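Below you'll find the structure, written out as structure tokens, and then a few comments.
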Amino acid sequence: MDVGVFGSAMLNVVPEILNTFTARNPDVKVVLHTLNKARQIEALHRGQILIAFERYLPESKGLCIENVYDESLCVALNARNRLTESSCIELEQLRDEPIIGEVNPSITIKALFEKYRFDPIVVQKSQDMISAVVMVAGGFGTAIVPASMKNLQLPNVVYRPLRSGAESPIELQCAYRGDEQSPLLRTLLETVREFRFSRRSGTA
């Protein structure tokens, strides 16, 4: 079974879902393909992958998109940053901070800055959130990232919750072809939906 995945989704949610799936289906070989959003959509249409996991997947004819998990935001700080003294970060505290943004910033993060009525001082742009945290480790600036990034432990990086991050969650989604009849896909989607329900109900 070919699965497309990219970025921070690889750090906790997707491995957890796939671990449950493979434990129940030990005879199924799962192959992961690291593809960005555009290449995931293309691979789905061509039948090269069965399902894709990413954030804010665009609508595309013939594809179905489901929410997998709504994740809170946190702030990745270099260990030298004075803000590490705070147990929780207010967005207002980032007003004068050099920010590492993404080449294609998420809708949630853009909306968050708009809500608080200031433009971030973007000093670097990364292709994905993992690269952004690597830049934080190098002392280039600060990044707002999904809470799952806390699983990426790099030297000189400290994570703090963003107080407004819980009220502005960032979505992880999955996409698949609407006409796909594969029983493997149906079984994996059952696992995805089970995961989503357990997180919403707090049973995970």
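Hey, among Val123, Val136, which residue is free of Cβ contacts under 8 Å to residues at least 40 places away in the same chain, β-branched (Val, Ile, Thr) and not assigned by TED's automatic domain parsing to the domain that holds Ile51?
Values: Val136 fails: free of Cβ contacts under 8 Å to residues at least 40 places away in the same chain.
When all the criteria are applied, what remains is Val123.
Output the residue which, of all residues in the range 53-69 that are farther than 17 Å from Met129 by Cβ and in contact with a helix residue (DSSP H, G or I) (Cβ under 8 Å, 6 or more places away or on another chain), is surrounded by the most Cβ atoms within 10 Å (Cβ to Cβ). Talk me through it step by step, then tell me what you get.
Start the filter on the range 53-69 by keeping residues that are farther than 17 Å from Met129 by Cβ, which leaves 58-67.
Narrowing further to those that are in contact with a helix residue (DSSP H, G or I) (Cβ under 8 Å, 6 or more places away or on another chain): 58, 60, 62-63, 66-67.
Numbers: Pro58: 11, Ser60: 15, Gly62: 10, Leu63: 19, Glu66: 14, Asn67: 11.
Filtering first and then ranking leaves Leu63.
Taking the range 95-200 and the strands (runs of 3 or more DSSP E) fully enclosed by it, the elements with 2 or more residues that are of a type outside the set (Ser, Thr, Tyr) and crowded, with 18+ Cβ neighbours inside 10 Å are at 98-102, 143-146, 157-161, 170-177. Do the conditions hold for Val145, that is, is it more than 24 Å from Ile17 (Cα to Cα), touching a residue at least 12 places away in the same chain (Cβ under 8 Å) and among the hydrophobic types (A, V, I, L, M, F, W, C)? The answer is no for Val145. Only one of the numbered conditions (1) in contact with a helix residue (DSSP H, G or I) (Cβ under 6 Å, 6 or more places away or on another chain); (2) surrounded by 16 or more Cβ atoms within 10 Å (Cβ to Cβ) is violated by Glu90, and that is (2). Against the test of being small (Gly, Ala, Ser) and farther than 25 Å from Ala143 by Cα, the options Ala43, Ala76 yield a single qualifying residue, Ala43. For the range 171-191, the criterion of a residue being touching a helix residue (DSSP H, G or I) at 6+ places or on another chain (Cβ under 7 Å), touching a residue at least 40 places away in the same chain (Cβ under 8 Å) and farther than 24 Å from His45 by Cβ is satisfied by no position.
The values are calculated or read from the model by the stated rules, or taken from the named source; none is laboratory data. Predicted, not measured: the structure shown is a model, and the values here were computed from it. Heads up, the Cβs are rebuilt from the backbone with ideal geometry, glycines too, and the neighbour counts pull from every protein chain shown.
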